[in-house]
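Here's the structure, in structure tokens; my notes come after.
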Amino acid sequence: MNRNSSSKVYFMKINLFCLAICLTFCTCSAQTKSSEKISLFNGKNLDNWRGDPRIWSVEDGCIVGRTTDENQIEKNTFLIYENPFSDFELTFQYKIIGGNSGVQYRSKVMDEDLFIVGGYQADMESGIQHSGILYEEKGRGILAKRGEAVILDEKGHKTVDQFANSEGIQNHIKSEQWNTYRILAQKDHLQHFINGHKTIDVVDKEMGKKSASGIIALQVHKGPNMEVFYKDIRIMKK
């Protein structure tokens, strides 16, 4: 091989090497960008959220849902985030004093004026039984109790396996203190975690019932006076 041919091969190899580095960098950058966590709450106001202003407010960097003797509700009401999401990992911190609440996901608005929402709900309560379950608001009700791995087939037939004890899960939940909730939704697979402990594991394939995309919303449940606090609400698209 002459010197000119050798030089051409050398520079060709250099160019291919640089191209490989660029492609790797671009791929890593795209993956990093797609896996960034998005904050759904700015800690200051309810921009991008809508709900009953008598019930929802921002206090000390937290979203607060509160019912009182003066502000009662006849139906469950929701604070609704404007944008829909499909596959994601959602994390937030919550503290609840009295009553029942939950976070809706892949849900839909049933009544715009009354802020009523239906769909999957990651439940939480001040009691000792339901925090962490998967409930379908305005739909099929409880889809998975705590510690259950559930498969719903295309026709709605339900298979249940127990992977954890409900009382054991409750032992890791702090009463009237801050807890960390994580919701993982990937295609038909739904999982909830509280303070790092898995509470439910569901595969929902039921035709005409399952949901692949929808809005996120926070709940205040009708009933006795209650307070629920949310902060650090972040989502990462999958």
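Any read-out appearing in this document is the output of simple, stated calculations on the displayed coordinates, not a laboratory observation. What you are looking at is a predicted structure, and each value in this text was computed from that prediction instead of being measured. Backbone-built Cβ (ideal geometry, glycine too); neighbour counts: all protein chains shown.
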- Message: Using a Cα-Cα cut-off of under 21 Å, which lysines could be cross-linked to Lys209, ignoring same-chain neighbours fewer than 8 residues away?
- Response: Lys108, Lys138, Lys145, Lys155, Lys158, Lys187
- Full extension from Asn225 to Glu82: what is 0.36 nm times the residue separation minus their Cα-Cα distance, to one decimal in nm? 48.8 nm
- Among [x] 0.97; [y] 1.30; [z] 1.14, the entry derived from the coordinates for Cα Rg over 2.2 N^0.38 Å: [y]
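How much length, in nm to one decimal, is gained on full extension between Asn48 and Ile97, taken as 0.36 nm per residue of separation minus their Cα-Cα distance? Provide the component values of the computation, followed by the final result.
Working: separation 49, 0.36 × 49 = 17.64 nm, distance 2.55 nm.
Going from the current span to full extension adds 15.1 nm.
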- Message: Quick check on the chain: helices-only [θ] at 222 nm, where DSSP H runs of length 4 and up contribute -39,500 (n - 2.57) each and the sum goes over total residues. Nearest 500, please.
- Response: -5500 deg cm²/dmol
- Note on the structure: Per the 1/(1 + (r/R0)^6) rule, R0 = 25 Å and r from the Cβ atoms of Lys237 and Val203, FRET efficiency to 0.05 is 0.75
- Message: What is the angle, in °, between the Cα long axis of helix 3-34 and the longest principal axis of the Cα atoms in the chain? Nearest 10 is fine, range 0 to 90.
- Response: 0
